1. Two decimals is fine: what's Rg over Rh for the chain, C-alpha atoms, Kirkwood radius as Rh?
2. In deg cm²/dmol and to the nearest 500, what is the mean residue ellipticity at 222 nm of the chain if only DSSP H runs of at least 4 residues count, each as -39500 (n - 2.57), divided by the residue total?
3. Starting from the Cα-Cα distance between ASP263 and LYS231, subtract it from 0.36 nm times their residue separation and give me the gain in nm to one decimal.
4. Which residue fluctuates most in the GNM of the chain (Cα springs below 10 Å): PRO227, PRO235, PRO195?
5. Quick one: length gained pulling ASN107 to SER131 fully straight, 0.36 nm per residue minus the C-alpha distance?
6. Using bins 5 angstrom wide from zero, how does P(r) for region 117-251 break down, in % of all Cα pairs?
7. Where the convex hull is taken over the Cα atoms of region 48-171, what is its projected area averaged over directions, in nm²?
8. With the cut-off at 1.5 for a/c, could you classify region 172-317 from its C-alpha gyration tensor as rounded, prolate or oblate?
Amino acid sequence: MKQFSKILSLFALVTVALATPSLAKERIVFGGGPAGGTFQTVANAIQVYKPVKAMEAFTVKAQSSAGSVENLRKTDSGKMDFSVVYSGHVYLGANGLMKNDTKKYTNVRALSFLYGAPGQLVVRKGSGIKSTKDLVGKKVGVGNAGSGAFANCELFFTHMGVWDKIERNAMGYNDAAAAFGNNQLDAFWLFTAFPSGAVIMAAQTNDIEMIDLGADAEASGFYEKYPYFGKLAIPASTYKGVDLDTPSFQDSALWVANKDVADDVVYKLLSAVFADEGLAHMVAQKKTFMAMSVAKGADGIVTPLHPGAIKFWKEKGIL
C-alpha cells in the first residue's frame, strides 16, 4: 500500500506540473549583419552575455541580416525588436530620403551610440589605383545588397561619378576578401569598424593598400552634401603593410529598437550592457567596442530616442 501511495503522489505531482501553464520567455529578435561584420558581433555579444541570458521575462536571439538598410526596414515593421543601424540611415529613413525609397520609416527609435564605422577601400599594392576615380572599369566588391556598406558605397561612388562605371559585385566582407585573394576583384569596399577581419584576411594573401577616401570626400564637397558623416583616419599599422594613416569618413553605428518594444526591456538591456562588466564583455568580443561608454552613449544620435533609453540616459546624467 505504501508503494501504491507513493505512485499516486508522484502521479498527482506530474498532473499538477502538466496542468500548470509554462512561463515561456518572450523572444526578442536582435538584428545583426553579415558574417565577418561588426553588426553581427554586436548581436551575438549581447545574446550570449550572462546577465542578459539570466533575465527572466525575455530571451535575446541574434539574427543575421544583410546589414543596416535591411535592419532599418525590419525594425520599423516589427520583424526585428532591436538591431544595429547607421545613424545616417535612421535619419534618411525617417525623412523618406533613402535611395530609390521614399517610404518614411518612423517606427525606429535610437537607444545608444555603439561605435564609428568608416569607409574602407582595399586594393593591391602597385595596382595603380590611387583614388576612387581610378576604379573606372575595375571589378569591385561593394557589400551585400541591402546592407549599409552597399548603400553607402552607392552613395559615395555615385557622388564621385564612378558607380555606373565599375563592375559591381554585391557580396559580404569575407566573400569579398576571398574573391580579392583569388584575383577575382581589383578592389573591395567596407563600411565597418576597424580592424576588420576581412581586411586582415586579405592582407595575408596579398600586399594591400588603403585608398585615401578622405581626400576624395573633401575635394568633392561630400561633407557639405551629407553632413552626418564625420572625418577620421584609420591609424597606420592597423593592417599589415599599411604604414601610413588613411583618412576616411565615418557614420555612427547605433543600437536601435522598434518604438513598441516595452520600455522596461530597453531599460534592462541598456543597464546590463552599459554596466562596467557589460562594457568589458563587449570589448572582449572585439576591440572596436572600446568606443562604447556611458559618457558617449548619446553621441551621433540625431533622431528620437526610445522612452526606455531616455529614462536610462537621464539617470546617467547624459540627457
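1. Numbers: Rg = 22.9 Å, Rh = 20.9 Å.
With Rg and the Kirkwood Rh in hand, the quotient comes to 1.10.
2. Working: 13 runs with 123 residues, N = 319.
Value at 222 nm, helices only: -11000 deg cm²/dmol.
3. On the way: separation 32, 0.36 × 32 = 11.52 nm, distance 3.41 nm.
Extra length from ASP263 to LYS231 when fully extended: 8.1 nm.
4. Maximum among the listed residues: PRO227.
5. On the way: separation 24, 0.36 × 24 = 8.64 nm, distance 3.85 nm.
Going from the current span to full extension adds 4.8 nm.
6. 2, 11, 23, 27, 23, 12, 2, 0
7. Details: hull surface 38.5 nm².
If I average the Cα hull's projected area over directions, I get 9.6 nm².
8. Details: a/c = 2.33, a/b = 1.74, b/c = 1.34.
Here region 172-317 falls in the prolate category.
A short reminder: the numbers here are calculations on the coordinates, not readings from a lab. For clarity, every value in this text was computed on a predicted model and none was experimentally measured. Cβ: placed from backbone, ideal geometry, glycine included. Neighbour counts: every protein chain shown.
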